[in-house]
Amino acid sequence: MISEIISNLELSEIRDAVEANKRLDGRKNDEFRDIKIETGVIAKAEGSAVVTMGKSKVIAGVKISVGTPFNDRPNEGVLMVNAELSPMAHNTFEAGRPGEVAVELARVVDRSIREAGVMDTKKLCIEAGEAVWIVNIDFYPLNADGNLFDAGTLAAMAALKTAKMPTYDKETKILNRENMKNAVPMDCTVVASTFAKIGDKMVVDPTMHEEYASVARLTVGIRDGNIVALQKGGNGGLTSEQIDDALTRAIKHSKNLLKHIK
Amino acid sequence: MISEIISNLELSEIRDAVEANKRLDGRKNDEFRDIKIETGVIAKAEGSAVVTMGKSKVIAGVKISVGTPFNDRPNEGVLMVNAELSPMAHNTFEAGRPGEVAVELARVVDRSIREAGVMDTKKLCIEAGEAVWIVNIDFYPLNADGNLFDAGTLAAMAALKTAKMPTYDKETKILNRENMKNAVPMDCTVVASTFAKIGDKMVVDPTMHEEYASVARLTVGIRDGNIVALQKGGNGGLTSEQIDDALTRAIKHSKNLLKHIK
Amino acid sequence: MISEIISNLELSEIRDAVEANKRLDGRKNDEFRDIKIETGVIAKAEGSAVVTMGKSKVIAGVKISVGTPFNDRPNEGVLMVNAELSPMAHNTFEAGRPGEVAVELARVVDRSIREAGVMDTKKLCIEAGEAVWIVNIDFYPLNADGNLFDAGTLAAMAALKTAKMPTYDKETKILNRENMKNAVPMDCTVVASTFAKIGDKMVVDPTMHEEYASVARLTVGIRDGNIVALQKGGNGGLTSEQIDDALTRAIKHSKNLLKHIK
Amino acid sequence: MGDEKPKFLIKGGKRLDGRKPEDVRPIQIKMGVVPNADGSAEVIFGKTRVIATVYGPRELHPRHQVINERARVRVRYDMMTFSVEDRKRPGPGRRETEISKVLAEALTRVVITEKYPTRAIDVFVTVVQADASTRVAGLNAASLALADAGIPMRDLVVSLSFGKSYDEKGQGHMVVDLEKEEDNWGMGDIAYAVAPALGEVLLLQMDGDVTLEEFKKGKTMADKAALEIYEMQKRALKARYEEGSK
Amino acid sequence: MGDEKPKFLIKGGKRLDGRKPEDVRPIQIKMGVVPNADGSAEVIFGKTRVIATVYGPRELHPRHQVINERARVRVRYDMMTFSVEDRKRPGPGRRETEISKVLAEALTRVVITEKYPTRAIDVFVTVVQADASTRVAGLNAASLALADAGIPMRDLVVSLSFGKSYDEKGQGHMVVDLEKEEDNWGMGDIAYAVAPALGEVLLLQMDGDVTLEEFKKGKTMADKAALEIYEMQKRALKARYEEGSK
Amino acid sequence: MGDEKPKFLIKGGKRLDGRKPEDVRPIQIKMGVVPNADGSAEVIFGKTRVIATVYGPRELHPRHQVINERARVRVRYDMMTFSVEDRKRPGPGRRETEISKVLAEALTRVVITEKYPTRAIDVFVTVVQADASTRVAGLNAASLALADAGIPMRDLVVSLSFGKSYDEKGQGHMVVDLEKEEDNWGMGDIAYAVAPALGEVLLLQMDGDVTLEEFKKGKTMADKAALEIYEMQKRALKARYEEGSK
């Protein structure tokens, strides 16, 4: 996915390890790295979280403001998810407009949240056609070591879960972020599991070097045991069985992942 | 005009052919290629047309929406013509922001339509200062083989001629594109003839290779036998006589071209 | 500051000259070049001025329009200062979006004017929350020979001082620029002095070649003998004494500079 | 699109346009529609019309994109401004950027890229009229245009959408080749592509809400329909070849 | 610009500013106005003021624009933000892009570009104050700035506008060198340039509505006025040369 | 920010957060916070949190930025969208461009750039949470991240803000390390950096209104506080080094 080259030696080490179901960091093929979530880390944000997943670390923040609704949806608020692959976090990330890697990452995390129905945007309406809540979730890797999809989804969800609504006075049109109490309206929680195909095995939660060594990727968003989002990536193909295997495992993993989000 | 190189051999063949008034495709210097126009090709568009002119093929579509008028023209709608030289249509077209070739093409087609008074934008006013019709005509070459100016003008006119107006409810502010019946208000029709100077001859409707072989270009927009738009292009000069010759011939050609637009 | 290379010979000539307190153009280290200000040069602009400072020449124009205020400042107009380092004025200036040199220049001139309180933007309110005056000051070098900071500040101030307010009819929303009489509301005047560090000396009003020969730059904005803006530039450092020296001299120079702005 | 949600998308086994769940819309394939291009094809799925053109193998700019060992397959998916209900601004947005990426990945798998080290193979997928399933129609067109250009390939890419519709009782039903209403209001929209001879899935994107069983059922239906489209692609290429060799 | 259309632009053979149809406005030429540049000139047509500067021949970036056999003449036409009634946003828009293109084409014809293969000759045409006919004033300035820079040329480019005004009866009259009111309300606005010694028209753009006869009449008037401007250009260059050689 | 101006920012020698004029907020330094980077540090001044990462020396693109004799130190100062009260649009604006420039100039002075001709040393200064004085916190972080990356340096850069507050009588008082309220409402905000061993000021920017005497007084206070921060930087580097050599 990312153009850095890893040596042929390391490549075959990674493959052999996966074949033996004992990855270079000691995990089994169906094992996630340790996950740690810290919320409320940014006082300026309405909600925030830092997710650590092995050496990958992602920060997400929620900012809530008031804007006008889209013409064709006068009584719906707006939810926007954005990923910034800031060059601070890896030497392959470049400054400038988001490239296709950042756009895909943002859209896949957004897709899980949107399709799962995490937020009923109708509950974000203040006054139909006039004023609605705009909820922005932005996330940044603070250190990139693979599987930013799942870490980003967790960070976005954790930030949203702990976010508080500002208040808004329709008369004076003043937005107030002091003493925010009410939670953001949420209907459910979604999590994602990403698999990398190495050799003919699907390994969950790949590190960045495993991503380099893989030929395809599959991200699966799960809500209540249902599949709500899918995204295949990479220049290789997946067999039908590999897909079914990944989906089954993603449903299983979703239960553990959900535990991390209170 | 376009930086592709043609061989010196072909160059002199083209010149000799023009000199002998028998061009490589068999035409005389004052002859257009066969023109075919098909309208109503895009169900999603309010109006559309495909113009085939020899091997050049252009598609134009009209989309009509509602917007606010410009401050200094509160009771006028807006007409915008845009050309997209999509890289799909020729290996010299590049993706990205329109370059000077696309900008010139769009502006010259726009100029003919605007200056001829094809559309009285005052008839596009819905409510002064509040809501007016915005008419967008976009055209794309589907295959580029020279003289996109005249083909683009024909395509834009044919698309506009067959376009239907949506309806708009001022109260609910709802735009409705179902059962569109009324024609777009048009006051006249304009056509363009483009000449390429090869040697010291002016040949009408040049192919792309003739364009490469030419040193200057002149596009003439005609409405009711009057000249409404001119654009010289190319790094060479034209004599006063060559200009007069082209204008006279453009007036003559306009009658035939008009027959193609019902 | 600008990447053009000057020869080592010229470099040492400049340094020796500064060391001897007799610069290559004959000035002492604490001497400005001759300043000439011409106002009202652009009939289309609400205010305008050309400032000549040796071979540096800057034109500034003021345009005043009506717009909506910022949400968080409903009863304040807007003042914007912008510098355009058009490629017409020097062979190192490049076309395109303003680079960091142009941005810094604009922001430093803007800073002096803003922080000095030259304009009370509350006086630019037409109708709170609805309509306010937008004052744009744009300046362009017409010939660049160093110290565009001080020349730009003078040009902006002189253009503003001589600018006239258009009138605006709240009912018809018509802006009228005929027979403009009223001056733009101004509370004070600010000027700037820029110093270049050459060797260990601070020379005021550097030419472009002196800028090349310098390792650091300090721009000081002064209003009524107080310091209102500072900006150090360049890859070198300044000693505390060099700063104090520059500030003291800037306060002194401000009196002369003020005389140029009626 | 302020339209009302329909009461059903499928009723008595028939979809709004009369199709059965496993039916694709009428498909048309036109080869060589853009003579300027090295290869081209237009694919029509019902009211969805997409043209793909191929230029290359050709020199690759900018340099930092060059891959020493193989060709880079680049895809630019774009929609004509008037191909959709509300005029689309020209130029690709975030949606188009993502689609271009996944299409390029799917095509890279089948192109024998190692034959053209350092070169670019540029594929332009242009939506002329959109009525859902534009990216999958475009992927078929791209596969055909590559073959038309004489680019050596391991297999063709065969692509279609599948998803989940609902009947008058709100019950879900898996269907293939979604049209616009099904895309807008259905409970699942899956973009899918396979390389039949390789036995691999090359495109898989989903928005929606389906169970694992539903997904598997849909996938089986899609695999079956894909074989029909595979045959159509092969027939079109054969006809094109015979035409060319006359 | 909510102004009313005037009842006439010409009456009794006199235009709004008192000129006769064949009269150009007072023209001023100032050479060497931008000492930094390799060549520069300011041209004033009434209230229209334009500065042109030339840098080059110099190295050309980016590389893919290089022409092996000759120099590339590049033009950047731009307007200062305060040169017009309503502030213009900085940077060139579509109008400026088109004008830059046709000015570059006109200048390329007269510059002996083959003397400087692979190089760039950069011309910046900057409108300081606009009162119609800015591009033609700019083209004169560019011609002079090129000569000032010592660039070898086949001829000078002499440029002016012509067009069609109306009298109190609505009758059309051809006039040369349009000012703002004539440009806004007239029935034809033609940007025109000739290389007198070459006997060629190098710029021709028109917005309007004229008959062939009207056009020819206007062109004849413009050709006559062009010769006056040609002489002014030559005098200005001579004076500049003599000043330089003092 | 529709907030009311406070009646005072300092009263009885105590600032709003209880600090004395010469006190900096609690400062935390965390080294190596971004393992991917060649060097990194996080610096926290009260509620202001900034991370700096360093990549390099590495190859420099684009080519025209290369300096033959030395490395180019590039800085990109940016704010996370949620680091401020109202969401900041992603990507640097004019303010960020200016700050990046002055930070790069300050750092260039201390990096021994001549050791790495033609190379880039890239410094990313990212504001995680903003409560005034972000650029100076970022400059300390950048200094530490460069040292963490093993880049040879002439000195560390020590940076803080100082400015002018007012008491309940409107009387001005010089203070160091402004927090948000002091930055918003105070009468002077000065960004300041020194290289203590070199005895040079490397950053100096001011918005405000101060007399020469006030400025000098503030500078003296800032120099004193800078020495404390200098010691903290050195301690943090020492701890990092010892940790690394375990």
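Using the count of nearby Cβ atoms within 10 Å as a rough guide to exposure, how do C:C188, B:C125 rank from fewest to most? Before the final figure, lay out each step's value.
Numbers: C:C188 13, B:C125 18.
Ranked by crowding around the Cβ, least crowded first: C:C188, B:C125.
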> Taking the Cα centre of the range C:2-258 as the origin and placing charges on Cβ (Lys, Arg +1; Asp, Glu -1), which of C:A216, C:G96, C:S12 is farthest toward the positive end of the dipole?
Replying inline: C:G96
> Sorted from fewest to most neighbouring beta carbons within 10 Å, what does the list C:V103, F:V34, D:V66 look like?
Replying inline: D:V66, C:V103, F:V34
> How far is F:R95 from itself in the other copies, in nm, if each label sits 7 Å out from Cα along the Cα-Cβ line, shortest first?
Replying inline: 3.4, 3.4
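What helices in chain E pass both tests, a Cα length along the helix axis of 30 Å or more and a mean Kyte hydropathy of 1.0 or higher, using whole DSSP H runs? Could you put the intermediate results ahead of the total?
Working: long enough: E:212-245 (48 Å, -0.99).
Helices meeting the criterion: none.
Averaged across F:31-37, how many Cβ atoms of other chains sit within 10 Å of each residue's Cβ atom? Don't skip to the answer; put the middle values down first.
Working: counts 0, 0, 3, 8, 5, 15, 6.
If you average over the peptide's residues, the count of other-chain Cβ atoms is 5.
For a 22 Å ceiling on Cα separation, which of these pairs sit above it: B:K122/C:K173; E:K180/E:K234; C:K122/E:K88?
Details: B:K122/C:K173 20 Å; E:K180/E:K234 27 Å; C:K122/E:K88 25 Å.
Result: E:K180/E:K234; C:K122/E:K88 exceed 22 Å.
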>> Please report the residue of chain A with the smallest beta-carbon distance to the A-to-B rotation axis, and give that distance in Å, no decimals.
In response: A:R97, 7
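Any idea what % of Cα-Cα pairs in the protein assembly as shown are farther than 57 Å?
Numbers: 318650 of 1160526 pairs.
More than 57 Å apart: 27 percent of the Cα pairs in the protein assembly as shown.
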> So for the protein assembly as shown, taking the charge dipole from beta-carbon charges (+1 Lys/Arg, -1 Asp/Glu), which of A:I37, A:T207, F:G56 sits furthest toward the positive end?
Replying inline: A:I37
> What size of dipole, in debye to the nearest 20, comes out for the range C:2-258 about its Cα centre when the only charges are +1 on Lys and Arg C-beta atoms and -1 on Asp and Glu C-beta atoms?
Replying inline: 580
>> Treating the point 7 Å from Cα along Cα-beta-carbon as the label, what are the nm separations from D:G18 to the other copies, to one decimal?
In response: 8.1, 8.1
> On average over all directions, what projected area in square nanometres does the range E:10-245 have, based on the convex hull of its Cα atoms?
Replying inline: 13.3
> With respect to the cross-link table entries F:K169/F:K217; C:K259/F:K101; A:K123/C:K170; C:K232/F:K47; A:K55/D:K101, which display a Cα-Cα separation exceeding 30 Å?
Replying inline: C:K259/F:K101; A:K123/C:K170
>> Tell me the angle of helix C:100-115 to the major Cα principal axis of chain C, expressed in degrees between 0 and 90 and rounded to the nearest ten.
In response: 60
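Would you tell me the mean number of C-beta atoms belonging to other protein chains that fall within 10 Å of each C-beta in E:211-224, as a whole number? Write out the running numbers ahead of the final one.
Details: counts 5, 9, 0, 2, 6, 4, 0, 0, 3, 1, 0, 0, 1, 0.
Across E:211-224, the average partner-chain Cβ count within 10 Å equals 2.
Taking the Cα centre of the protein assembly as shown as the origin, how large is its charge dipole in debye, to the nearest 20, when only Lys and Arg (+1) and Asp and Glu (-1) carry charge on their Cβ atoms?
The calculation lands at about 200 debye.
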> Under a straight-distance cross-link criterion of Cα-Cα below 13 Å, which aspartates and glutamates are reachable from A:K63, leaving out those fewer than 8 residues away in the same chain?
Replying inline: A:E46, A:D138, F:E85, F:D86
> Among F:W185, B:W133, which comes first, then next, by fewest other beta-carbon atoms within 10 Å?
Replying inline: F:W185, B:W133
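How much length would be gained if the chain were fully extended between A:K36 and A:K170, taking 0.36 nm per residue of separation minus their Cα-Cα distance, in nm to one decimal? Write out the running numbers ahead of the final one.
Values: separation 134, 0.36 × 134 = 48.24 nm, distance 3.99 nm.
Contour length minus the Cα-Cα distance gives 44.3 nm.
Among C:K262/F:K5; B:K57/D:K30; A:K22/A:K252, which pairs are too far apart, with a Cα-Cα distance over 26 Å?
Too far apart for the 26 Å limit: C:K262/F:K5.
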>> Given Cβ point charges of +1 (Lys, Arg) and -1 (Asp, Glu) and nothing else, what value in debye, to the nearest 20, does the dipole of the range E:10-245 about its Cα centre take?
In response: 420
> Of all DSSP beta bridges in chain D, what percent run antiparallel (nearest 5)?
Replying inline: 85
>> So the label point sits 7 Å from Cα along the Cα-to-Cβ vector; using that for F:Q171, what distances do you get to the other copies, in nanometres, sorted shortest first?
In response: 8.6, 8.6
> For the range C:2-258, what is the relative contact order in percent, using Cα pairs closer than 8 Å and at least 6 residues apart in sequence?
Replying inline: 21
>> For the ranges D:190-197, A:20-27, what's the packing order if you count other beta-carbon atoms within 10 Å of each residue, average per peptide, and put the highest first?
In response: D:190-197, A:20-27
>> Report the Cα centroid-to-centroid distance between the range C:101-122 and the range F:53-111 in angstrom, as an integer.
In response: 23
>> Could you tell me which residue out of C:I227, C:S65, C:I137 lies farthest along the dipole of the range C:2-258 toward its positive end? Charges go on the beta carbon: Lys and Arg +1, Asp and Glu -1, centred on the Cα centre.
In response: C:S65
>> Given a 10 angstrom Cα cut-off, can you work out which residue in A:E211, A:E130, A:E76 is the most mobile in a GNM of chain A?
In response: A:E130
>> How shielded is E:174-183 by partner chains, expressed as the average number of their Cβ atoms within 10 Å of its Cβ atoms?
In response: 0
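Antiparallel versus total DSSP beta bridges in the range B:2-258: what percent is that, nearest 5?
Percentage antiparallel, nearest 5: 90.
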> In degrees, nearest 10, range 0 to 90: what is the angle between the Cα axis of helix A:8-19 and the longest Cα principal axis of chain A?
Replying inline: 80
>> I'd like the orientation of helix C:148-161 relative to chain C: the angle between its Cα long axis and the longest Cα principal axis, in ° from 0 to 90, rounded to 10.
In response: 30
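Taken together, the values in this text are just the output of simple stated rules run on the coordinates, not laboratory data. No experiment lies behind these values; they were computed from the predicted model shown. Neighbour counts are summed over all protein chains in view; Cβ atoms, including those assigned to glycine, are modelled from backbone coordinates with ideal geometry.
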